[in-house]
Each structure stands twice: as C-alpha cells, then as structure tokens.
Amino acid sequence: MSRTTRALGAAAALFLAGFAQAQTGAPAPGSLDPYYKVCRGTNPNCYNDWGAFASTPNKVLIYSRTAGPRHANLGPALAPGLNPPLAPANVVQNALVRLLAAEGIQADWTEDVARMTSLNGYKAVIFASPTRDALWDHAKTAAGGTQLDAARHALRQYMRRGGGFVGIHNAFGTEYNWPYYEGLLGNANFYDHGANQNGTVQVVNKNDASTEMLPDSFGFKDEWYTLVPFPTNVKFLLTVDTNSLATKRGTHPGHGNFHPVSWCQYYDGGRSWVTTLGHDGAAFAEDTSAFPGAAEFQKHIVAGIKSAMGLVPFCR
C-alpha cells in the first residue's frame, strides 16, 4: 500500500470517526484536522467546556520572550522570573497591563521560559511578539534533555483544558518548527512583510465581541504580514484593503484582495484569538490621538483577550 493510499485511508477514517462523534454531540465533521491531529475551527463543539477555569481569577499571563530579533516596542529584555521590573521602553507589556487593569483583569508578565510550565492559574496566555523558539529550553537541549520542552507540553495541555490563547503581531514569527503551534495560529505562519506603511483596515465580521464596537473601516499603520500557509477553517474578523497600500506584495506569495489581519478559532479544546497587527509602539500608547487607528486597535485586542478568557462571547 502506498504512502498516499495510507494517508487517504487515515483521513477517511478520521472523518468517519468525526461523523460518528457528531451524532452524540461531539465535534462535527470537518472539525477534526488530520494534519494537526486536533479538533479545530469555528465549531463550538471543539471547546472543552469542562468548567476547569470557573474558579480561576480574571488573570492573564503576558509572554514576550525573544530568541531572535526583538521588536523595538518590547523594550529591553526582561529579567528572569515572574513580573520583573518594567522599564518605560517596555511599551507593549506596560500597555497590556494598563489596558487590562482598566477592565478589572490582572496581568502577570514574563520572558522566563521556566514560568511557562505552570499556566492553569490564567484564563488566557498572551504571546506578545515573541520570536523564534520562544518555548524551547536550549540549555536543556544542550544537556541532552528531551526534545519536547516542558513549556510546549504545558501550553498544549493548557489548551486541552479549555484555556485561552492570544497571539499579537510577531506571535506569527515564533515556534516555526512546532506544527501544533502553527495550527494554534489557524494553520498560518509568517512568510514576510512589506514596508511599514499606512493602510485601511476593514471589519469583515461585525458580530464578534472584538469587532462589534469598531467602525466598518479605519486607518492603521503596520507591516501587513504575508502568511504561508494561509489561515483556514477560522472566523475572519479584520482584513487590510490591499488597494490602500502604497507598496504591495505582488503575487508571490501575496494574498490578492483578501488579506486577513485578525481571526479566531477553537483549537484542541481551547480558544485562540490572533492578530498580525501591532508593530508600532505608538499603537499601544495611552494617548491614542498620535497614531491613527490606535484607539480601535486597543479596543480590538482588549475585547479579543476578554473573549479568549471566556468573559464575553467568543468567535461569533
């Protein structure tokens, strides 16, 4: 039997298993992804509604470790441990703490991979522009440790428990070599970007908690990430009007006239809300008048975080 025949047979078996499960209220056909081997997509039955976070306080963890290039808006690297001192230049971390505090949500922050092995005390984990192998314990690998890092395992188990994941901007430049994470991003990954330039963001779904307060379109400035693979089986929330960009990516790889910048999905029992927006530090500033679209962007990410936490309806 050829490899292709075996693969098709396995996919068919997985589909039939999904169909059988759907008859009993489990994930419906098409939600079981044969590549990532998880239940994912827009079907709420992919969420493990076990009440595991019912008594968890309204608290999130911000993770911004960079194992490669570092966005300027992250400021200097943070000291080890949980909640190390933040400098004024740690713009993103400071902004998220401030914005969430205004909603009655407590935020912890870290760039210490050892702190990522204990996630169950948080209703959402926010990846704020980390870089490269941000969950890989290189010291353990050098010492002959197991290939699957404890932090990766903890994140996967956290999602299966019904946790919330939020990815902001360079969350798409992280963990390239871990297929599970690519699926967590919606079957998407960073390929490249054009010039950091002005564009027009369009709301393509006004029903979601993270978009219902936004105008139909607004100006914004970003790098407008190109994604390969292109996100699938997700609910698209925002796109950029490519005709509004002075410098276009062309046709390779390019996204044509539909270039998404925010979307959501259920993934492996948990909730995943992601956006490629957030390159400029000014987009996170408390004074939103200096950066067009900053007010809309901040409302968008705060509501997206709250939806991943389960505080407001998710991915409608």
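Computed from the coordinates by the stated procedures, all read-outs in this text should not be read as laboratory data. For clarity, every value in this text was computed on a predicted model and none was experimentally measured. Cβ coordinates were reconstructed from backbone atoms using ideal geometry, including for glycine residues, and neighbour counts include every protein chain displayed.
Listing for the model above:
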read-out	value
The stretch 163-316 - percent relative contact order, Cα under 8 Å, separation 6 or more	30 percent
Among L277, L214, L238: highest mean-square fluctuation, GNM of the chain, C-alpha pairs under 10 Å	L214
Unit charges on C-beta of K, R, D, E only; dipole of the chain, Debye	760 debye
Gyration tensor (alpha-carbon) shape descriptor, the chain, a/c threshold 1.5	rounded
Beta bridges per DSSP with both ends in the chain, % antiparallel, nearest 5	55 percent
R0 of 35 Å, Cβ-Cβ distance D216-D192: FRET efficiency to nearest 0.05	0.75
For the chain, built as a Gaussian network whose Cα springs stay under 10 Å, the top-fluctuating residue of A124, A303, A154	A154
Fully extended contour minus Cα-Cα distance, from D112 to T200, at 0.36 nm per residue	28.1 nm
GNM flexibility winner over the chain from Y176, Y158, Y122 (Cα, springs under 10 Å)	Y176
Per-residue [θ]222 nm for the chain (sum of -39500 (n - 2.57) over DSSP H runs n ≥ 4, rounded to 500)	-6500 deg cm²/dmol
Linear extension gain, S244 paired with N120, 0.36 nm per residue minus alpha-carbon span	40.4 nm
Percent RCO, i.e. relative contact order, over the chain, from Cα pairs under 8 Å lying at least 6 residues apart	19 percent
Entries in K123/K235; K59/K206; K37/K206; K37/K235 that, when Cα-Cα distance is taken, lie over 23 Å	K59/K206; K37/K206
All lysines inside 18 Å of K248 as judged from Cα atoms, apart from same-chain residues fewer than 8 positions distant	K221
